[in-house]
Every structure is written in structure tokens, then in C-alpha cells.
Amino acid sequence: MNASTAAGWAERHQVAVYLAAIAAAVLVGWTVPGAPVLAPAITPVLGLLLFATFLAVPFASLGRAFADLRFLAALLVLNFVVVPVVVLGLSRAVAGDEALLLGVLLVLLAPCVDYVIVFTGLAGGAAGRLLAAAPLLMLAQMLLLPAYLLLLAGPEAVAPVELGPFAEAFVLLILLPLAAAALVQRAASRSATARRVGSATTAAMVPLMALTLFTVIASQVRGVGEQLAGLAAVVPIYAGFLLLMVPLGVLAARLARLDVPSSRALVFGGATRNSLVVLPLALALPERLALTPFVVVTQTLVELVGMVLLVRLVPALVRDRDPRHSGGNPPSDRKAPRP
């Protein structure tokens, strides 16, 4: 089996590949004592995955994607008006435990700006529009997160939170992969090496996603398992968030009269959270909140399983009723990876 055939097989069977990666990660993370040493690899692996994602989106069309004010408005309202109301209701179940409450609020109030682009593309959504919106989402959550924490948890919850890791994650997970992808795309017209790098990286999308799933879960599952009794209360909150946000995203897309690719992107943009970026915020908290990072990681584990399922579910929920009136895919979305 050559590389092209293997890549095609992996793309056709991507859900099975991801489930196998998750199962292997749980097994390795739980049985191998040294598995937590994989944690420092999360950022570079995720950065490589995002580099591959950005390569699949033609940068020449990003200006048009960013100019889609209807999509941007729907995305901002969904994440910064609807989501806080949902989170307020769900978080009351742990309102009496400061560490659990802060972890739930940190992760659920922050919309994802990284692997949501990958999952959106895999579901046939407008990955380019989410890519264009990523800097705006990142900036908005940096500005609004302290205010929402103050409103939903009180001043004691805001005091220990440092926002510096947000800026670091923005550089490492957005700016650097984005700049590298732009350079490779620009060089591809005159360099065979750049074209080969681009083709190989794009073909490796499914293995890179599987590697990301494995790295995150294998490095964290033991710590979560050891704290499972204290974390049990947040699992139904995270599952409930996904169950609520998918239909709310579909409804928001219909109200905004978005086309099918943009509707799928909006669903993923509302349901997926920024767990890998807010984790450094949780790790910087004082010792009395030592459980909070595990609360954030638990959301990652629940969400990754949910995203694998949503890659198949969302296209079934949001489909062309009449292809002549679907709104069509912009060029930036047609090249996004699909199942």
C-alpha cells in the first residue's frame, strides 16, 4: 500500500481511526506509568495539525470569508450571548465547589479556535470561515472571560486567573502555523519542494488528528482517572453542553439563513470549546484549586469523543434540502478535508 492509497483509506475510515486512537490512548495512558510525559508534546502536535488544516484553506479567499458579516454575527452571538446562558444553567450543579465551578466556567465560556477548524472541515463545513474568525474569537474571549467569571462566579474566581497563557497559545497555535502555511502556499507556485510538503502534509490530516487525540488523552487520562470521584459531577455537564449546543447551533444557523457549509461551521463553532488553550490558565491557579486543571482536561476527553461522533451526525442534521438553494461552498471550504 503506497502513501496515497494509505491516505485515502484513512480518510474513508476516519471515524474508525479516531476511535481506535482514543481506545489506544486510554489503554496506554492508564497502563504505562510514564505516559504523562507526553503532555509537553500536545502543543507542537496540535500546531502541526493546524498547519495541515491551514494548508487546506486557500488564503486568497480568506478576505471574502472574513467579510461574511452574517456568519460572524451569528458565531459571536451564539458564543457570547447564548453560550453564557447555557453555561449559567449547567454550572449551577457544581456552584458549591469552587474548583469544579471555576474549571467548568473557564472551559465552557471559551470557544475553540484550533481543532474546531479540523472537525468542521471533516464534516464538510466552512472551515475557511472559522479560520478567518479565529483571531476575533480569541480576542473576544480574552476580553470577555474575566467579565463572565466575575458575573457567574464572583470576584474570588477572577483574582487568581492569569491571561498571559492566552497570548502564548494564540502565537503558538494560530499565528505560527498560519504564517508557515501561508509561506508554503505562496512558495508552491514556484517550488516543487513546497508543493511536495503541502501535498504530504494535507494527505497526513487524518493521521495527524489521530496523533493529536492519542497525545492529549494518553497524557491526561491517568490524572483524570485518579481524580474520578471528584470529577464525576462535571461529566454530565459537559455531555449536556454538547447535547444542547448542537440543536441551538442548528437553530441559530436557520435564523441567520446560512448556507449548509456555514451552518455546519456554526454548529461546531458553538459546541467546541478552547480546552487546550485554557488549560495553562488552570495550571497557573493556586494549590487550593489543584483540581481545576483536571476539570478542564475532563472536558477535553468528553468533547473529543463527542467531536468524532459529530463529524457524522452534523452532516445528517444539516444537509441540502434543495441543492439549487444551498448557497454553495466558497473556494476556501471546498478544499477543506471531508469524510
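The values are calculated or read from the model by the stated rules, or taken from the named source; none is laboratory data. Given the structure is predicted, the values throughout are model-derived calculations rather than measurements. Positions of Cβ are generated from backbone atoms using ideal geometry, with glycine treated the same way; all protein chains shown enter the neighbour counts. Quick note on the areas: whole protein, heavy atoms, side chains included, nothing else; ligands and nucleic acids left out. Shrake-Rupley method; radii C 1.70, N 1.55, O 1.52, S 1.80 Å.
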Report summary line: Restricting attention to region 284-318, the residues that are without any contact (Cβ under 8 Å) to a residue 24 or more places away in the chain and within 17 Å of VAL234 (Cβ to Cβ) number exactly 0
Requested in this report: Being surrounded by fewer than 17 Cβ atoms within 10 Å (Cβ to Cβ) and polar (S, T, N, Q) is the filter here, so list the residues in region 197-211 that pass it.
Outcome: SER199, THR202
Query raised in the report: Of the residues that sit in region 22-55 and are under 17 Å from the mean Cα position of the chain (by Cα), among the aliphatic types (A, V, I, L, M) and open to solvent by less than 10 Å² (accessible area, probe 1.4 Å), which one is nearest to VAL221 (Cα to Cα)?
Result: LEU46
Query raised in the report: Within region 248-281, can you find the residues that are under 15 Å from PHE80 (Cβ atoms) and without any contact (Cβ under 8 Å) to a residue 40 or more places away in the chain?
Result: ALA271
Query raised in the report: If you check LEU106 against the conditions, is it in contact with a Ser or Thr (Cβ under 8 Å, 6 or more places away or on another chain), surrounded by 23 or more Cβ atoms within 10 Å (Cβ to Cβ) and over 30 Å from LEU313 (Cβ atoms)?
Result: no
**Report entry** region 138-154: number of residues that are surrounded by 19 or more Cβ atoms within 10 Å (Cβ to Cβ) and not aliphatic (A, V, I, L, M)
**Finding:** 2
Query raised in the report: Can you tell me which residues in region 285-339 are open to solvent by less than 30 Å² (accessible area, probe 1.4 Å), acidic (Asp, Glu) and modelled with pLDDT of 50 or more?
Result: GLU303
Query raised in the report: Does PRO135 fit the bill of being surrounded by fewer than 23 Cβ atoms within 10 Å (Cβ to Cβ), within 22 Å of the chain's Cα centre (by Cα) and at pLDDT below 85?
Result: yes
Query - Unique match (being among the basic types (Lys, Arg) and in contact with a Lys or Arg (Cβ under 9 Å, 6 or more places away or on another chain)) among ARG257, ARG312, ARG288 - result: ARG257
Query raised in the report: Tally time: how many residues in region 284-320 are of a type outside the set (Lys, Arg) and more than 22 Å from the chain's Cα centre (by Cα)?
Result: 7
Query raised in the report: Only one of (1) in contact with a helix residue (DSSP H, G or I) (Cβ under 6 Å, 6 or more places away or on another chain); (2) open to solvent by 10 Å² or more (accessible area, probe 1.4 Å) fails for LEU183. Which number is that?
Result: (1)
Report task. From (1) touching a residue at least 60 places away in the same chain (Cβ under 8 Å); (2) open to solvent by 50 Å² or more (accessible area, probe 1.4 Å), pick out the condition that doesn't hold for VAL171. Result -> (1)
